[in-house]
Each structure stands twice: as C-alpha cells, then as structure tokens.
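**Student:** My structure is below; once you've seen it, I'll send some questions.
The values are calculated or read from the model by the stated rules, or taken from the named source; none is laboratory data. None of the values given here were measured: they were computed from a predicted structure. All Cβ positions, glycine included, derive from the backbone under ideal geometry; neighbour counts span all protein chains shown. Side chains included, ligands, DNA and RNA excluded: accessible areas come from the protein's heavy atoms. Shrake-Rupley method; radii C 1.70, N 1.55, O 1.52, S 1.80 Å.
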Number of protein chains: 2
Amino acid sequence: MGSSTRKANHLHKVDIYDTTLRDGSQQEGISLTVDDKLRVARQLDSLGVQFIEGGWPGANPKDAAFFARARSELRLHTAKLVAFGSTRRANGQVTSDPNLHALITSGVSDVCIVAKAWDYHVIHALRTSLEEALAMVRESVAFLVEHGCNVFLDAEHFFDGFKDNPTFALSVLEVAASSGASTLVLCDTNGGTLPTEIPSILAKVKDQVAVDLGVHFHNDSGCAVANSLIAVDLGASQVQGCLNGYGERTGNANLIPIIAALSLKQGITTIPTENIELLTSTARHIAEITNLPVPPQTPYVGASAFTHKAGLHVSAIARRSDAYEHIDPSLVGNHTRFVVSEMAGRQTLIIKAAELGLELTDDATTSLLQRLKDLEHQGYHFEVADGSLELLMRQALGWQQSYFAVESYRVATDDYRGSGLLTEATVKIRIGQDRVIATAEGNGPVHALDQALRKALQPTYPMLASMGLDDFKVRVLDTSRGTDAVVRVLIDFSDIDAQWTTTGVSTNIIEASFSALTEGFVLALLRTNPT
Amino acid sequence: MGSSTRKANHLHKVDIYDTTLRDGSQQEGISLTVDDKLRVARQLDSLGVQFIEGGWPGANPKDAAFFARARSELRLHTAKLVAFGSTRRANGQVTSDPNLHALITSGVSDVCIVAKAWDYHVIHALRTSLEEALAMVRESVAFLVEHGCNVFLDAEHFFDGFKDNPTFALSVLEVAASSGASTLVLCDTNGGTLPTEIPSILAKVKDQVAVDLGVHFHNDSGCAVANSLIAVDLGASQVQGCLNGYGERTGNANLIPIIAALSLKQGITTIPTENIELLTSTARHIAEITNLPVPPQTPYVGASAFTHKAGLHVSAIARRSDAYEHIDPSLVGNHTRFVVSEMAGRQTLIIKAAELGLELTDDATTSLLQRLKDLEHQGYHFEVADGSLELLMRQALGWQQSYFAVESYRVATDDYRGSGLLTEATVKIRIGQDRVIATAEGNGPVHALDQALRKALQPTYPMLASMGLDDFKVRVLDTSRGTDAVVRVLIDFSDIDAQWTTTGVSTNIIEASFSALTEGFVLALLRTNPT
C-alpha cells in the first residue's frame, strides 16, 4: 500500500466508543424506537466496538425502556453497554439523586457521566459556583465507583473551557481522576476546535493527569475525524463518535474513517482486524435503520468512495489499484467502480461492457464513444443510467429490440374543479403481428403511461408483473429557459434479482419520461427473454 | 467568541484556489454545461476567491468552449481565471505540444500544470524515465513562463510519492521552482494522507524549496479540511479545493470550512472579510446549479449546522449563543434554528412579513404557523418559495385573490410516430363576469399551460407580457414510491424589477406545476394591480 504508513506509536490499541444511540440520535431527522436501538446495538456489537452508549436512562423514558429490554434481550459478544448520565444536581445529595440512581439500576456497570468543564456554563447554565461544580464531580464519581461502576467522565465543553479558564477545566479532570474515574473524555461540545489547537492543549492535560484520556469531537469545523486521529497520536486511548457521523448540527466524529485510519494505516488495534471488512455493510445496515441513506461521497464506505470517472486512469487502475486508491476497497467491504461519462476512454467502455457480459468490438467501441459524446452533449448522462448504457452498447453491436414497437401514445390530464384531477394515457403498440391499444389512468402522466404500457404488454409478457418502478427523478438541465428547458429523467427499476436505471432527455418531460419508461421495459424483457 | 483563537501565524493571507469547474466536476452526478460553468464562475468571483480553475482546454472540448466564451462574456472582478493542463508529452517538444499550446491560447495568463511526483506513476503510467519526467517539468514550466504565464505546478501524488521516493518527489518541486513556477502545489491525489503525517513532510519540503507552497487534498480519509488547515499553519499560502467539497470519489477539500476557519478563527485573510457572510448563499446557489442539494449536516452552511434540538438549551442559547455555537451563524450567512421551538418560528414569520410590507397579527401568525406546518408535512418547502409564502401570509390576513378563477384545465401530449410530439393545453377561467376559454400549444405540458394562461389573461391584464419564467425545477420527494411519488415543483418568475418563486406539491406533476404557475401569475398581478 503506497500511501499507508506504519508509524511508531506508543499505543497499540484504542477503544472505540459509539454514542449513536445517545448523541447520534440528536440528529435532526433521526427518531429511533426501542426496537431500532436494539438493532443498532447488535450491529455495533457484531462490528466489534468496545463500548456502546445506549442512552440516558435518567432523562429519557425511551432510554430507560431500552436498558430494561437490553438486560433480557441483548446478548452482546464484544461490546459493553454504557449508560449515560450527569453528575448530581447542584446542592443535592448523591444518595438521593434520581439521575445517579438510574445509572446504578440500569443493569450495566460501565457508566459515563457528563460534567461541565467550562466555567461559563457552570455559572450561567448550572447557576452554581465553581467549587460546587467540582464537588458535584467528586461526589458523583466516588458514589458510582463505590457502587461498582467503571466511570468515564465526559468533560463537556472541555476545549472551549480550557481556552477561557484552563485552571478550572483541568481541575474538573483532576477531581474526576482522584475520585476514581477510569477515563477522562475531553469533549469538543460545540465542535469549533481546529486541529492545530489540539497538540498544545493535550500536552497540558497530560502534564496534569495520569489516567486514560478519551476524546469526543463534533464536526462543526469539518475536522472531527482529523481531530480524533491527532488526539490518538498524542496519546488518547478512547475515541467517542458515531457510526456514519450522526449527531446534532453537523454530527459527531464519524467512527468509520477513524477505525479505518487507525487499523489500516497506523497499525493500531481498534475493532477486531477481521471485522474491518464489515465497515461498509454495517454503515449501510445502520443507515437502513435510521432511514438516512449513506451519502455516496462518504469516505471508505460511500458508493462513490472508490469510483473512477476519468477514462485515462481505468486501465492503469486495473493494473495496480494501490497506486490510484488510498486503500484496497475490499479491506472495508467496499469495491472499485468505473462510471462512464464523456471523459470515458475506450478501456472504460470495454470493462463496463464486460461487467454486463458483452464483448465490445473495436468498431463498436468507436461508434459507441461517438454516440455517447453526442448524447451527453444533448444532456444525457449515463453515469447512473446503466440500463440505458447497456442498450446503447447492445445497439453498437448491431442489436435491436424486437419485443414491441411503439406506434403512438397520448396522455392527458384533466382537472374539473370540484370533481378532481384525472390523468389518462393511451399507448398503441405492435407486438409481432399484433396491434395492441391500451388505456389506463394514473396519479400523473408518467404513472398513467407506465400503467398503459403494462396493460398492453403483460398479456404477452406476464413476467413484467414482477418488475417494479423504484424511483423517478427529474432534473431540469438548461434552467435559464424556464418551462421551455431541457429535462432529464432517470427511472430506477427492479425485479426480484436485479436493478437497472434508464434515462431520457427532451424539452418535453412527457417524451423524456416515456423514453426512459420504454427502455426500462425492454431491459426487464431482456433479463427474462434474451434475444 | 469563546472557541475562537487568534493564534500568532506568520501568514496574513492565504489564496483560495477553487477547482470546482475542473476537479469538482469529476464528481459522479455532476455534469455542467458551458452556461453552468459561467454561472459558477460568476458566483465564485462574487464570493471573492483568488483563483478559479476553469477547466482543461487541451483535453476537453467543453472546457475549450468555456475559455472561449469566458474571454468575451466573463467579466471577473476579483478572481483570476486559471487554465489547467499537463506538462509536455514524454519525449515530445514543448513547441509542438498541443496541450501547452491550448494553455497559451486559452486567453488567461495564470496556468496550472500537473506533473507526476510519484516515481511509480512516472514509470508505469507515463512509461518513461525519472530523468525525462524532470525534463518534462523543466521545459514545460520554462516554456509557459517564457510565454508570459504565471505557472502553478500541481505535484500530483506528492504525499504518496514522497513516502516512496522522497528524492524524486522533491526533485520535481526543485526543477519546477528553478524553471520559474510561482507556486508548488502538494497534491494528495488519492486522498489517503493523515493529518499526523503532514508536519514532517512539509518540514522537509520547506528545507528544500523556497517558493510559495500550495496544497490540494482529497477527502478519502475524511481529513481534507483539517489537512489543509494544518498545511496553512505550516506555511502553505495557497489552498486548492472545491466549493461544497465537490470532486471525484469522496470529493476535494471543501473550501467553505477552510475559508471560515482561517478568516473567522485564525485571523488570516482569505476572501474579502465582508464576503464571508456570502458563504451560505453561495454554497446553496452553486448547489442549485449542480442540482445537488447541500446536505443539512454540512459544517457552517448546512440547514442543520446551527440547529438545536434539545429543548432545555433554547433559552440559554438565546441569552448567549457563543457559549453554544462555535461561531455566530450570521457571520457565514446562516442562522440558528430551533427544531422544537414555536417562538423562533413566530419571530421569523413576523420579520419576513415585514420585509414584504405586511403586518402579521397575532392570530394570523398562529394560523399561518399551523398552515405552514401542515404544508411542510405534505412536502412544501417555503425557504426558497418566497412568492408562495407571501400568498399564504396574505391569506392568513384574510386576503383572497380576485383577478381570476380557474374553472378547469386540461393538457394532453400526443405522439404520432413520424409526425412528432404535440402538447396542447386548454384553460377555462373566469375573470369577473367573463368566462374565457383558451387553448395553446407548448414544448411540454407546463409550457403549454403557461401559454394557455397567458392567452386567457393577457387581454385583460396586458402587463403579464413583461413577466418571464426564468427557471423550473422538479424534485421527487418520496422517492421510494416510483412514479407514484410526491413531486415538488419550484418556478422562478421575474418582471422588469422583481423576482419571485412559487411552489406546488402533488403526486401529479401536472397539478403541482399548474398550482405553482397560477400562483406566479397572481403575484405578477399583485405587483402591478394591488388589491
């Protein structure tokens, strides 16, 4: 691996602490049921993280229910479940503090409590004195340790607090350490810390306290992953974050690139080595549960993370991928993809065709390249429309579809106020010697055309019943021309064991859609009735 | 600002070099027309970046067309346009090299050429000797300098190359510098470099070469922003990257968090200070052109970047936001949002109404908030549809439009193979006591409806002749339902002195479009015939 380094580091192992179920679920748009939380926990355990922060049983009834069910239903193999809470209330007693009580009765022995490390927040949010704030830390940690807990201390706003009042911020750490906390976690709660600020702050922390350090970064500066890696390099032995970088605002540190960099590039053990290749599937599985798709550009695990567009590189990548990819994508369970565009060279097309089981001749490649260039100039875009590309490749080899021929179609939408909207489509097609006319209604013009085509074709081709339309996208290309603009339509289709995407381009959205629709039908028929 | 630092740095200014139009457009899913590229360049110039890499005129006909049009059409105020290319061919002559010729004739005097700095790529991709590779750099840089160019050298694969063969990688830099290159750009082409690796490499580079250094990071390790900031801290004076972090695979370094961190947190000048607040609108404007929405979690400029979910913080944030937000969001043109708070919503609406000259009563605000909530649940989105929002505000105050009433409409598209496609729309409307029926043809259903509405209304309202439709956008919302999905349409209108945007949402694209169209007509009439 050309770009990997095996630098000497005094650490051999870093604990990965996932807080998707607590901090991650603060993300706008995420709402996990208790069942969802159990599912996420099982995924994290299978991946092999050391700690799973399950929630805040003292503050949130759903989290209390999660811990109750986890006790009987969740059999973790690798990970330890952690209950999150806060120090006792200001001027209260640890023995009667409901929040500490919830931790002790949560059924887990690893607990993480948050303490304010920024004097401003003590004075203005807690509205108490700095002395009382330190007493809250001292007594709460000691109480939990007495009750047999392994205590992690989240020093909230540590970095900002250190910049304002380093003495107080460090006192919070010292008090927690002397009271028995096993790990002190430096939190960048507002996410504003820059990578260049970390070395001097960590040096001062290490001068003052001798227990294990963890870090917890938010991504507001876009540096959460790098900040975590820098902190590990400086001796932090626990990294808190979330799978897929979930979290409030801009998210928490994404654990995936942290695990991958430490394990694959720095020789530091994180999750079990044999599980690194589960990163991609775990990211996508958890994304299914949160119902937030993994963005294609996501490092290591995104669909585009190892996708190559530029034509000139393709043959070279095939020869020695480590000169063009920072890691072997299979190490994280991802794979190299080549997409075809106007910049594509001959080699890209030949490799892509081979993926589809087609062998492109030299002549066919030349004519296909020209055809692609012309079509892309019109606004076509084949990078994602693999189905339409397949048809072009087959056509370049002299193939023509003979399943059906469209003679004409029409689609009309009528709105009579009061009696509602009606869209109706009629297609006239030939199937061999037969002429078929079918009319169907739909929720809109494309739906009506889809229904009419099915009605016309299904008697001859019953296998079309198992084909579904999964997605329909419209892009207006030349947006400066208003409703007279060119539109590009993409339609995703699937049947039981395949997926394909087609595209159509026209100034008329109906024409663009109908073209993509009919291509999708042809591809479905190709899969079951090869010609 | 609690979290900001004003650390001493020997640099006072860093040049921002945007390569959205070249490297950024390598991103899967991005396909920019020449018009799009001109629009992006104008946005970048308004933002005030120092350099805009416009494309590779020697390799791509579209980029050549861009430079040709840029010469006559693009009047840049701040930015310099840069043409990208490569060194001469192996064993070729600079005087007859088509690629270098394209740079000289591109019409710009700032050029950036790429040279391989990893010996592996010289030997296996260029298939030439290391000596010839250095000669290519030497002669190409000198040739361009002789022709009056300011030459930037992109040292491709510099970091990986340095790790494999530091002598060769440094020789590339030395040769470029001694031949007259003004800036040597260290590229992390595969994106695998970790932040902890940069200090030692940059120290060695600075020992060897004395000219200005730039950096160009890709985000494959999730560290491109941090790596760029670290390199600036170590003396790099040019940062290459893309607005919104566009780029192949996982993208290039996102320039937005880099500009924001340097300018707002480190006291280093990047773009003009008064333009920092344009970051959010520029990010979103360019995202409209690429048609890739800015992900809500994007640092600084995402819709969720300053969104607070936890209820207990809201009043505290209102008191002193800098204790809860790493920067004041207004500094980058973004704003704080409270997901649960109704109070924030009321105030926003009252301010927005005042902008439109409307005074919202308490009752109207309450009913409007409820209406907005219901509509946003259906998929409406009023952040950009200010026109539709204005109509809702007026309705909340008891207003009803009386210009015209739609009785019914119909639109049909017929395709008779051979004789072409025809779309025709009929609208039946009432204007006062009159009933008007008008039929018109168009390039597609929305165009036909627009033409029919004009035909019906213009005899009574001749001022509609000056109203134009500037943009038409379609987004499919519930993409899991195929052609049965909910679509949202946005239409931009303008007349001589105003612009407005309306929106419509329906499972039927015709209905969504017609609703947005009629609202646009009402707003045009409101502007000239207030009721």
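**Student:** At B:D164, with labels set 7 Å past Cα in the Cβ direction, how many nm apart are the copies from this one, shortest first?
**Tutor:** Spacings between copies for this position, smallest first, are 5.0 nm.
**Student:** Determine, from the Cβ-Cβ distance of A:Q208 and A:S321 and an R0 of 56 Å, the FRET efficiency 1/(1 + (r/R0)^6), rounded to the nearest 0.05.
**Tutor:** The calculated FRET efficiency here is 0.75.
**Student:** If you average the C-alpha positions of region B:349-376 and of region B:79-111 separately, how far apart do those two centres end up, in angstrom?
**Tutor:** 57
**Student:** If I stretch the segment between A:V145 and A:K13 completely, what's the gain in nm (0.36 nm per residue apart, minus their alpha carbon distance), one decimal? Don't jump to the answer; show the numbers that get you there.
**Tutor:** Details: separation 132, 0.36 × 132 = 47.52 nm, distance 2.46 nm.
Length gained between A:V145 and A:K13: 45.1 nm.
**Student:** Sticking with this one: Could you tell me the center-to-center distance, by alpha carbons, between region A:134-202 and region A:240-262 in angstrom?
**Tutor:** One Cα centre to the other: 21 Å.
**Student:** In what order, largest first, do A:T280, B:T189, B:T105 sit by accessible area if the probe radius is 1.4 Å?
**Tutor:** Numbers: A:T280 5, B:T189 25, B:T105 70 Å².
Final ranking, largest accessible area leading: B:T105, B:T189, A:T280.
**Student:** Interface size between chain A and chain B, please: total buried accessible area, 1.4 Å probe, rounded to the nearest 100 Å².
**Tutor:** 9200
**Student:** A follow-up question, please. Over the C-alpha atoms of region A:15-271, what are the Rg and the largest Cα-to-Cα span, Dmax, in Å?
**Tutor:** Here Rg and the maximum Cα pair distance are 16.9, 48 Å.
**Student:** Stokes-Einstein diffusion coefficient for region B:406-447 at 37 °C in a medium of 0.692 mPa s, Rh from the Kirkwood formula over Cα pairs: what value in µm²/s? Walk me through the numbers before you get to the answer.
**Tutor:** Numbers: Rh = 11.3 Å.
Estimated diffusion coefficient is 290 µm²/s.
**Student:** Below 24 Å, Cα to Cα, which lysines can A:K455 reach? Residues fewer than 8 away in the same chain don't count.
**Tutor:** Those lysines meeting the cut-off are A:K428, A:K473.
**Student:** Once both axes come from the Cα atoms, what is the angle between helix A:445-457 and the longest principal axis of chain A, in degrees from 0 to 90, rounded to 10?
**Tutor:** So the helix axis and the longest Cα principal axis differ by about 60 degrees.
**Student:** Sort shortest first the distances from A:Q499 to its counterpart in every other copy, using label points 7 Å along the Cα-to-beta-carbon line, and give them in nm.
**Tutor:** 3.6
**Student:** Compare the peptides B:47-55, A:84-92, A:128-136 by average per-residue count of other Cβ atoms within 10 angstrom and give them in order, highest first.
**Tutor:** The densest-packed peptide leads the list: B:47-55, A:84-92, A:128-136.
**Student:** Which net charge results for the neighbourhood of B:T193, defined as the other residues with beta-carbon distances under 10 angstrom from its beta-carbon, given Lys and Arg at +1 and Asp and Glu at -1?
**Tutor:** Counting the neighbours of B:T193, the net charge comes to -2.
**Student:** Separate question: Mind giving me the FRET efficiency for A:T105 and A:V436? R0 is 56 Å, r the Cβ-Cβ distance, nearest 0.05 is fine.
**Tutor:** With R0 = 56 Å, the Cβ-Cβ based efficiency is 0.20.
**Student:** For helix A:34-47, report the angle its Cα long axis makes with the longest principal axis of the Cα atoms of chain A; keep it between 0 and 90° and round to the nearest 10°.
**Tutor:** 90
**Student:** Further question: Please report the projected area of region B:88-187's Cα convex hull averaged over all directions, in nm².
**Tutor:** Convex hull of Cα atoms, orientation-averaged projection: 5.5 nm².
**Student:** Out of the total accessible area of region B:57-103 (probe 1.4 Å, heavy atoms of protein only), what percent is carbon and sulfur?
**Tutor:** Answer for region B:57-103 is 50 percent, counting heavy atoms of protein chains only.
**Student:** Three principal axis extents, largest first, for the C-alpha atoms of region B:403-475, in Å?
**Tutor:** 43, 26, 23
**Student:** For all pairs of alpha-carbon atoms in region A:113-264, what percent lies in each bin of width 5 Å, listed from the first bin to the last filled one?
**Tutor:** Pairs per bin, as whole percents: 2, 10, 20, 22, 20, 15, 8, 2, 0, 0.
**Student:** Sticking with this structure for a sec: How far apart, in nanometres, would the label points at A:T366 and B:T269 be if each is projected 7 angstrom from Cα along the Cα-to-Cβ direction?
**Tutor:** 5.7
**Student:** Show log10 I(q)/I(0) for region A:151-200 at q = 0.30 Å⁻¹, two decimals, from a solvent-free Debye sum over equal Cα scatterers.
**Tutor:** Log10 I(q)/I(0), no solvent term: -1.16.
**Student:** Students often get this wrong, so check it: of A:K37/A:K62; B:K13/B:K204; B:K37/B:K80, which have C-alpha atoms separated by over 18 Å?
**Tutor:** Beyond 18 Å: B:K13/B:K204.
**Student:** Which whole-number value in Å² is the accessible area per residue of region B:15-271, probe 1.4 Å?
**Tutor:** Averaged over the residues of region B:15-271, the accessible area is 29 Å².
**Student:** In nm to one decimal, list the spacings between the B:I437 label point and its equivalents in the other copies, with label points set 7 Å along Cα to Cβ, shortest first.
**Tutor:** Taking the point 7 Å beyond Cα along Cα→Cβ, the inter-copy spacings are 2.4 nm.
**Student:** While we're on this one: What is the Rg over Rh value, at two decimals, for region B:239-295, using alpha-carbon atoms and the Kirkwood definition of Rh?
**Tutor:** 0.98
**Student:** Now, a different point. Of all accessible surface on region A:382-478 at a 1.4 Å probe, what whole percent is carbon and sulfur?
**Tutor:** Taking all protein chains in place, region A:382-478 shows 46 percent carbon and sulfur surface.
**Student:** Sticking with this structure for a sec: Sort A:E139, B:E274, A:E519 by heavy-atom solvent-accessible area, probe 1.4 angstrom, most to least.
**Tutor:** Order by accessible area, largest first: B:E274, A:E139, A:E519.
**Student:** Solvent-accessible area per residue for region B:405-528 at a 1.4 Å probe radius, Å²? Before the final figure, lay out each step's value.
**Tutor:** Working: 4670 Å² over 124 residues.
Spelled out: the 1.4 Å probe surface of region B:405-528, per residue, equals 38 Å².
**Student:** Which value at 222 nm does chain A reach when only helices count, each DSSP H run of 4 or more adding -39,500 (n - 2.57), with the total divided by all residues and rounded to the nearest 500 deg cm²/dmol? Please list the in-between numbers first.
**Tutor:** Details: 16 runs with 188 residues, N = 531.
Value at 222 nm, helices only, nearest 500: -11000 deg cm²/dmol.
**Student:** As I understand it, the value is the acute angle between the Cα axis of helix A:166-179 and the longest principal axis of the Cα atoms of chain A; what does it come to in degrees, rounded to 10?
**Tutor:** With both axes taken from Cα atoms, the answer is about 80 degrees.
**Student:** Restricting things to Cα coordinates, could you compute the convex hull volume per residue of region B:350-441 in Å³?
**Tutor:** With only Cα atoms used, region B:350-441 gives 152 Å³ per residue.
**Student:** With a 1.4 Å probe on protein heavy atoms only, tell me which residues of region A:191-218 lose at least 50 Å² of accessible surface in the complex relative to the chain by itself.
**Tutor:** A:L194, A:T196
**Student:** Could you work out the per residue convex hull volume over the alpha carbons of region B:405-528, in cubic angstrom?
**Tutor:** Each residue corresponds to 113 Å³ of Cα convex hull volume.
**Student:** Would you mind getting the Kirkwood hydrodynamic radius of chain A from its Cα pairs, rounded to one decimal in Å?
**Tutor:** 26.9
**Student:** Note down, for the protein assembly as shown, the three equivalent ellipsoid semi-axes (square root of 5 times each alpha carbon gyration tensor eigenvalue), biggest first, whole angstrom.
**Tutor:** With the √(5λ) rule applied to the protein assembly as shown, the semi-axes are 47, 39, 30 Å.
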